[in-house]
1. Taking every DSSP beta bridge that has both residues in the chain, what percent is antiparallel when rounded to the nearest 5?
2. Hey, what's the Cα Rg ratio for the range 149-230 versus the globular rule of thumb, 2.2 N^0.38 Å?
3. Can you give the calculated 222 nm mean residue ellipticity of the chain, where each DSSP H run of n ≥ 4 adds -39,500 (n - 2.57) and the sum is split over every residue, rounded to the nearest 500 deg cm²/dmol?
4. Using a Förster distance of 25 angstrom, determine the FRET efficiency expected from the C-beta separation of Ala483 and Phe396, and round it to 0.05.
5. Send over the semi-axes of the chain's equivalent ellipsoid, whole angstrom and largest first, taken as the square roots of 5 times the C-alpha gyration tensor eigenvalues.
6. I need His539, His190, His80 ordered by Cβ neighbour count within 10 Å, fewest first.
7. Using only the Cα atoms of the range 196-251, construct the convex hull and provide its projected area averaged over every direction, in square nanometres to one decimal.
8. Using R₀ = 41 Å, calculate the FRET efficiency as 1/(1 + (r/R₀)^6) where r is the Cβ-Cβ separation of Asp426 and Leu526; round to 0.05.
Amino acid sequence: MKDTLSIGPRRRFWGWGNTADELSVAEQQSVNSTLARLGASAAGVSSPQESDVSLRPSRGAPPATLQAILSGSHYDRLTHSYGKSFADLLRMWQRAVPNPPDWVAFPQDEQGVVDVLDWASRSNVAVIPFGGGTSVCGGVEPAVGDSYTATVSLDLQLLNRVLEIDPISRSARIQAGAFGPDLEAQLKSHGLTMRHYPQSFQFSTLGGWIATRAGGHYATLATHIDDMVQSTRTVTPAGILQTRRLPASGAGPAPDRLIIGSEGTCGVITEAWMRLQTRPRFRASASVTFTDMQRAVACVRMLAQSGLYPTNCRLLDADEVANFHIGDGRSPTLMLGFESADHTVRESMRRALELVAECGGIYDVAAVEASMANDSGIGAGVGARSGAAGEWRDTFIRMPYLRDPMLGRGAILDTFETAVTWDKFDAFYAGVKEGIHRAIKRATGNPGMVSCRFTHVYPDGAAPYFTFAALGSAKADLDQSLAAWCEIKRAANDLVISLGGTSTHHHAVGRDHRSGYEVESAPLFLSALAAAKSALDPHGVMNPGVLIDPLGRKIGLSGVLVR
Ligand SMILES: Cc1cc2nc3c(=O)[nH]c(=O)nc-3n(C[C@H](O)[C@H](O)[C@H](O)COP(=O)(O)OP(=O)(O)OC[C@H]3O[C@@H](n4cnc5c(N)ncnc54)[C@H](O)[C@@H]3O)c2cc1C
């Protein structure tokens, strides 16, 4: 008998990807060399098997009418117990799952979602909407305290179709459970694309992107999912909230703005009309090195304020370049790129490179020319992904796979991201790097590695993304690694806020960033948000503990970051 109602390949519950995914020999060597640099011991904890993890018996008594769409199987409950943050995966390696969902629902249509929410509201069951489960901020962990009779993780994966396309307005009605590759494959036959590529693209869903205000791969203009949403349809415990399809509207506060970023706390997004684009044909790219970070940042600011809007404007600092073996391995490097479906981007690149030269940036003219070879739009940009940009892209996609085996050897590897205005940037960058090195030293006794890159740039500021690595425990004691991670993560949460940034630019609030979100949000706004939630979710059953306190339940930070 099947042990899951899930479709598609079997997922790795303790790491990234599918169970069949393997590291290449070169990747294994890269893992070994990072572990050696961190000073990890040869011995470690072996990766967990499903049978290693015992789960408490399911609670609650779902009605017989839901039987066909509810699973209480070990595999389904295990794969819906955590997201994919460092702490989530480490707890899987510890074989520690104290809060599995009691049930996992796989509705086949919108009525199924309505039925689950009806049962939950009537029976005081907490509902955790689940897309791909790639949350990195404690957004899908059913850690809701003990005032609920049961928890149900509501998985949208069967709602995965592009339902309608409007080629005239270039938009599509898409079900929320569609994963990135599935969604793009359905649009491709129409020559269209949504052009939203988060690093987690393969394993995350449209509904998850909207619920978390995800950020795509492109550096400027429409890159946050917010910009691509035309209208949303959400099943809430109080009824269905359908917003109107419009290119824009000045009619009061926008209802979609309440849903985008609601992180499953107000209801379940079942579908959305999304803005699409024609697939790009013209491309140009350049890899630019700088002698120091300050000049590089000044250059990026000029580019961001130039009105050129490069699609790629990813600055890697010297530590990032060294740690990930990009380009010359030592100089701050800017990956610059342009693309268009309509016109050649040669002129934009030419002007951008003038600005680069003014700031002392160095680039290979022949490589830039090669990236624009056949700039007729047909086969254009064959070289666009070669050189440092190509190396970076490949490393970027494979990075999450490389992290997993390091966990069992006592290593801590994690990232955090934020956004800050240009006027504060230099002090912010220096302060965060220094503060994280200090926190790592405090927590582990060594300074570890901290590096930074920009994921997005704006005319008024940048979104820096920090990666840190350290040895949490030389003896691969995972309790010790987790405690050290908690200390570093708390420091990161405090630093980004105190130095003028936001608790998150695109990774969402979840549970792990709530402390910062509560500091950066006006109390009056938080009570208005709680009141809106109360109207949509009168019994407080939707994703309790995520984003804001549910009504009167006083569920604080749960998971591992409890203060
Ligand atoms: C390796 C890695 C790389 C990542 N790269 C990026 C990146 O480049 N950009 C980025 O923005 N994020 C990134 N993330 C974070 C994560 O992928 C995003 O937050 C993503 O949007 C989550 O989508 P999901 O479908 O996996 O949602 P889930 O993780 O399942 O859920 C996330 C939150 O949304 C809620 N939710 C999910 N679906 C619905 C729905 N239909 N209705 C209502 N609420 C819902 C959940 O309850 C939860 O609170 C990355 C994560 C990992 C592990």
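Values quoted throughout were computed directly from the atomic coordinates according to the rules given, and no laboratory measurement underlies them. Not measured: the values here are computed from a predicted model. Positions of Cβ are backbone-derived with ideal geometry, glycine not excepted, and every protein chain shown enters the neighbour counts.
1. Looking only at bridges with both residues in the chain, the antiparallel portion is about 85 percent.
2. Details: Rg = 13.2 Å, N = 82, 2.2 N^0.38 = 11.7 Å.
The reported ratio for this selection is 1.13.
3. Details: 16 runs with 186 residues, N = 563.
My calculation for the chain gives -10000 deg cm²/dmol from helical runs alone.
4. On the way: r = 30 Å, r/R0 = 1.19.
Once rounded, the FRET efficiency stands at 0.25.
5. On the way: eigenvalues 266, 171, 102 Å².
Those come to 36, 29, 23 Å.
6. Working: His539 18, His190 15, His80 27.
Ranking His539, His190, His80 by Cβ neighbours within 10 Å, fewest first, gives His190, His539, His80.
7. On the way: hull surface 20.0 nm².
For the range 196-251, averaging the hull's shadow over all directions gives 5.0 nm².
8. Working: r = 31 Å, r/R0 = 0.77.
Once rounded, the FRET efficiency stands at 0.85.
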